[in-house]
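The values are calculated or read from the model by the stated rules, or taken from the named source; none is laboratory data. Since this is a predicted model, take the numbers as computed values, not measurements. Neighbour counts run over all protein chains shown; Cβ positions are idealised from the backbone, glycine included.
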Amino acid sequence: MKLIHYLVYLIIFSFLLLGCRDHSRDIPEITYYGDQGFYTNWITIQKPEKDVTWEPGTVHEIMWKANSEIKSVKIDLYKKGTRIYTLATDIANSGSYTWHISNDIRQSNHYQVRISSVRDPEVQGESGVFFVKD
């Protein structure tokens with residue numbers, strides 16, 4: 001009988017030991033908790049603001065806030081929901097980027113900036129729709 005108890009304790013202890021191994025490499029950068037959509041990592045774009053108008057040939061700051069776990073970001077320009085240009089790849093998560101808007105850019109009322117984590121592109125923020133025109 002003692003042997004059976006010993007084996008049961010050994011099996012339970014083995015399961016506990018295996019269950020406590022380091023899973024940190026298995027955890028993605030983004031974590032979803034329930035219906036509230038809470039993410040451990042986040043990016044919020046502050047500029048460009050919704051409905052602002054920027055002119056071709058001018059210089060503007062793209063600004064964002066993100067938690068400190070995100071080390072580097074990618075900045076893409078979208079038009080009508082389609083990525084048309086990458087403004088920056090793998091830059092430090094500093095909270096700002098200087099964009100020199102080309103004179104050749106097509107004028108439109110449908111631009112957006114999307115900033116995403118380089119490590120986990122699902123962690124992203126998107127600006128409101130803004131305008132590029134004279």
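Residues that are within 19 Å of residue 82 (Cβ to Cβ) and in contact (Cβ under 8 Å) with a residue 60 or more places away in the chain number at least 2 in the following strands (runs of 3 or more DSSP E) confined to the stretch 94-134: 108-117, 124-126, 130-132.
Mind listing whichever residues of the stretch 81-134 are in contact with a strand residue (DSSP E or B) (Cβ under 8 Å, 6 or more places away or on another chain), hydroxyl-bearing (Ser, Thr, Tyr) and closer than 17 Å to residue 48 by Cβ? Listed by number, the residues that qualify are 85, 86, 96, 97, 98, 108, 111, 116, 127. In this structure, is residue 114 at pLDDT below 95, over 14 Å from residue 56 (Cβ atoms), of a type in the set (D, E, K, R) and surrounded by 14 or more Cβ atoms within 10 Å (Cβ to Cβ)? Judged against the criteria, residue 114 is not a match. Within the stretch 46-93, being within 18 Å of residue 110 (Cβ to Cβ) and either within 14 Å of the chain's Cα centre (by Cα) or assigned to a loop (DSSP other than H, G, I, E, B) (or both) holds for 48, 49, 50, 51, 52, 55, 56, 75, 76, 80, 81. Remark: residue 88 falls outside the filter, which requires a residue to be at pLDDT below 95 and aliphatic (A, V, I, L, M). Against the test of being surrounded by 13 or more Cβ atoms within 10 Å (Cβ to Cβ) and among the small types (Gly, Ala, Ser), the options 102, 72 yield a single qualifying residue, 72.
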